[in-house]
Amino acid sequence: MLELYQFELSQYSEKVRLILDYKGLEYKKIEVVPGVGQLEVFRLSGQRQVPVLKDGETVIADSTEIALYLDSKYPEKPIIPSDPVARGQCLLIEEWADESIGSKGRTAFIGAFNQNQNFRTVFLPREVPEFVRTLVGSVPNEFLEVLGTGVGFSKDAIKSANRSVKQDLEALSLILQNRPYLVTDQPTLADLAVAGLSMIIKFPSGNYLDLPNELQGKGVPSLADNSAYDPFFEWRDRLYTQFRRPLLPKNPPSGDSPTSIEIE
């Protein structure tokens, strides 16, 4: 069976999970513990980042390389068009999505995490005592902003990322108003990449992720709750309903810390 080394909260891992589900491939998720667990990832692939896919003796790192491998090795339900123009458009959108929706969306998410006390506490395991929840929620936003500045998540960087993601969501909403998918009349890598990478901007409704139920349908304020972007998120959620396999039975919330996002 295929093995996916992943972080549940990694949108690049979600991109691969969505591709695997679309193709109807069985796979086992292996949750990587930040730090010590990445030693195993390094042993397998020569680098620490996730996702990493293991197919027998073959090991592939990087979500784009995994997508290309899966479409070559498992050509049923292809995700890369054969038509040259459509293929070019598909690959171009996928590359853009990685850099914009993926990278800038993560920065916007970190900003919301730093600025919203309730957003922080919902990620804690259910067994965490109430006084710990109170302590985590009461950490001053200014303190987290200072810490974020040291690792590339300054207030200005977060504002810039939010502006860029707003522009992206507006453009996607306009494009998808009167067409089923971004490139052709069938889903392609472009659609699956954009949908999966948007996960942490607004978590999909439904039992698709091993996350607290409170997060379903929730996301980054001013992005997830802006009605102007409803056409995009409605399209994204339809794609999930059609192709993403829900967790059965529902796994209990793992309570993993969002620090996993910082080690993409």
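The values are calculated or read from the model by the stated rules, or taken from the named source; none is laboratory data. For clarity, every value in this text was computed on a predicted model and none was experimentally measured. With ideal geometry, Cβ positions are generated from the backbone for all residues, glycine too; neighbour counts draw on all protein chains shown.
What residue, among those in region 58-84 that are among the β-branched types (Val, Ile, Thr) and closer than 18 Å to Glu14 by Cβ, is surrounded by the fewest Cβ atoms within 10 Å (Cβ to Cβ)? Spell out how you get there, then give the answer.
From region 58-84, those among the β-branched types (Val, Ile, Thr) are 58-60, 64, 66, 79-80; that's our starting set.
With closer than 18 Å to Glu14 by Cβ added as a condition, the list becomes 60, 64, 66, 79.
Numbers: Ile60: 20, Thr64: 17, Ile66: 23, Ile79: 23.
Residue satisfying both the conditions and the ranking: Thr64.
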Tell me which residues, restricted to region 1-57, are out of contact with any strand residue (DSSP E or B) (no Cβ under 7 Å at 6 or more places or on another chain), more than 21 Å from Thr107 (Cβ to Cβ) and either hydrophobic (A, V, I, L, M, F, W, C) or assigned to a strand (DSSP E or B) (or both).
Leu18, Ile19, Val33, Val36, Leu39, Phe42
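Is it the case that Ile79 is in contact with a Phe, Trp or Tyr (Cβ under 8 Å, 6 or more places away or on another chain), in a loop (DSSP other than H, G, I, E, B) and of a type in the set (A, V, I, L, M)? Please lay out each step first, then the result.
Numbers: in contact with a Phe, Trp or Tyr (Cβ under 8 Å, 6 or more places away or on another chain): yes; in a loop (DSSP other than H, G, I, E, B): yes; of a type in the set (A, V, I, L, M): yes.
Yes; evaluated as a whole, the condition is true for this residue.
So, of the residues in region 204-236 that are hydroxyl-bearing (Ser, Thr, Tyr) and surrounded by fewer than 19 Cβ atoms within 10 Å (Cβ to Cβ), which turns out to be farthest from Phe113 (Cα to Cα)?
Taking region 204-236 and keeping what is hydroxyl-bearing (Ser, Thr, Tyr), we get 205, 208, 222, 227, 229.
So of that shortlist, the ones also surrounded by fewer than 19 Cβ atoms within 10 Å (Cβ to Cβ) come out as 205, 222, 227.
Values: Ser205: 20, Ser222: 13, Ser227: 22 Å.
It comes out as Ser227.
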Looking at Ile60 and the list (1) in contact with a helix residue (DSSP H, G or I) (Cβ under 9 Å, 6 or more places away or on another chain); (2) among the aliphatic types (A, V, I, L, M); (3) in contact (Cβ under 8 Å) with a residue 24 or more places away in the chain; (4) not in a loop (DSSP other than H, G, I, E, B), which single condition is not satisfied?
(3)
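Is it the case that Leu147 is modelled with pLDDT under 80 and either assigned to a loop (DSSP other than H, G, I, E, B) or in contact with a Cys (Cβ under 6 Å, 6 or more places away or on another chain) (or both)?
Spelling it out, it is not the case that Leu147 is modelled with pLDDT under 80 and either assigned to a loop (DSSP other than H, G, I, E, B) or in contact with a Cys (Cβ under 6 Å, 6 or more places away or on another chain) (or both).
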Within region 230-264, how many residues are at pLDDT 80 or above and either of a type in the set (A, V, I, L, M) or outside any loop (DSSP other than H, G, I, E, B) (or both)?
15
Can you find, within region 183-229, the residue that is nearest to the chain's Cα centre (by Cα) among those that are assigned to a loop (DSSP other than H, G, I, E, B) and acidic (Asp, Glu)?
Asp210
Verdict on Glu94 being in contact with an Asp or Glu (Cβ under 8 Å, 6 or more places away or on another chain) and not hydrophobic (A, V, I, L, M, F, W, C)
no
Return the only residue of Leu70, Leu25, Leu20 being within 19 Å of Pro204 (Cβ to Cβ) and modelled with pLDDT of 95 or more.
Leu20
If I filter region 29-53 down to residues being closer than 8 Å to Tyr5 by Cβ and under 20 Å from the mean Cα position of the chain (by Cα), which single residue comes out as surrounded by the fewest Cβ atoms within 10 Å (Cβ to Cβ)?
Ile30
Of residues in region 33-57 being touching a residue at least 24 places away in the same chain (Cβ under 8 Å) and of a type in the set (Asp, Glu), the one nearest to Leu9 (Cα to Cα)
Glu40
If you check Ile66, Ile93, Ile60, which single one turns out to be more than 15 Å from Ile19 (Cα to Cα), within 19 Å of the chain's Cα centre (by Cα) and of a type in the set (Val, Ile, Thr)?
Ile93
Looking at (1) touching a residue at least 40 places away in the same chain (Cβ under 8 Å); (2) over 14 Å from Gln11 (Cβ atoms), which one does Glu234 not meet, given that it meets all the others?
(1)
